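This report refers to the structure that appears directly beneath it.
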Ligand code: SAM
């Protein structure tokens, strides 16, 4: 019996099971999030050894008895401290057909641990992937797009139809593959930068000046210097200009 509270939409379509695993290319250790009944775990175990899988639902553990190549850890991934055997993981990768309710929270957690996470492949709700992958000047472009694209090079695949899952979800899905950008190409991952980007997008329909509530008197001059209109909205500002805007307005180093 699938448990809705844990977002249990099991992936039953073999094409998409294989596709997600084929896209995954971990350079070092990795974990699966939510192995469920093992649809992806079994394919992973044919290719890799010594990985772990985080599963929150104890009733699914029996699907993983007597496995040699991986170990299931019964826990909520969102509470994991990014350590294994008390050692912080390094260049770590993640894969999963994620529970839809927690998909965005899980991706945000990886950004907060960007120094430890190098690669991930996730099945997510299509709307979430569309927001992450959006370009400036489109309705979907928001703080989530800036924060993820500032850290990772991303690609999306799909759509994956509801019929690929049991039970079928009400929404479509997409696959998201991400590889961490080289350090010199990455944007800041400081809480101050994240808060700044989030506050700029908080009232998406307002001009940036109004969204930031006149907090920065030099905003108009800076926008002009960056080649932007003084009455532009956050969603019109290209990804690469956000760090310059932050430094120019807050006078902080990144
Ligand atoms: N990987 C399986 C598949 O593709 O058929 C199951 C995917 S199902 C969409 C999501 C899985 O994540 C379920 O097994 C669910 O119990 C587990 N899960 C949900 N929330 C979790 C959390 N916070 N931490 C770890 N596992 C979680």
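Values quoted throughout were computed directly from the atomic coordinates according to the rules given, and no laboratory measurement underlies them. All values reported here derive from a predicted model rather than from experimental measurement. FYI the Cβ positions are ideal-geometry reconstructions off the backbone, even for glycines, and counts take in every protein chain you see.
Some notes on this structure:
- Across the chain, C-alpha contacts under 8 Å between residues 6 or more apart give a mean separation that, scaled by the residue count, equals a relative contact order of 17 percent.
- Descending semi-axes in Å of the stretch 5-151, equivalent ellipsoid built from Cα gyration tensor: 25, 18, 14
- √(5λ) per eigenvalue of the Cα gyration tensor, the chain, largest first, Å: 37, 20, 15
- Normalised per residue, the volume of the convex hull around the Cα set of the stretch 128-195 (Å³): 116
- Estimated from helical segments only, the mean residue ellipticity of the chain at 222 nm is -8000 deg cm²/dmol, where each DSSP H run of four or more residues counts as -39500 (n - 2.57).
- Full extension of the chain between residue 184 and residue 139 gives 13.3 nm of extra length, using 0.36 nm per residue less the Cα-Cα distance.
- The stretch 89-177 shape via C-alpha gyration tensor axes, a/c threshold 1.5: oblate
- Quotient of Cα Rg and 2.2 N^0.38 Å for the stretch 108-151, N being how many residues it contains: 1.17
- Shape call, the stretch 191-250: gyration tensor on alpha carbons, a/c limit 1.5: rounded
- Mean Cα-pair separation over length for the stretch 191-250, i.e. relative contact order, pairs under 8 Å, 6 or more apart, %: 37
- Residue 204-residue 84 FRET efficiency (beta carbon distance; Förster radius 41 Å; 0.05 resolution): 0.55
- Equivalent ellipsoid, the stretch 81-129 (semi-axes from 5 times Cα gyration tensor eigenvalues, Å): 22, 10, 10
- Taken as Cα centroids, the stretch 214-254 and the stretch 38-68 sit 47 Å apart, rounded to the nearest whole angstrom.
- Gyration tensor verdict on the stretch 1-77 (Cα atoms; rounded if a/c is under 1.5, prolate if a/b is larger than b/c, oblate otherwise): oblate
- Gap separating the Cα centres of the stretch 128-151 and the stretch 74-119, nearest whole Å: 20
- Where labels lie 7 Å past Cα in the beta-carbon direction, separation of residue 68 and residue 170 in nm: 4.6
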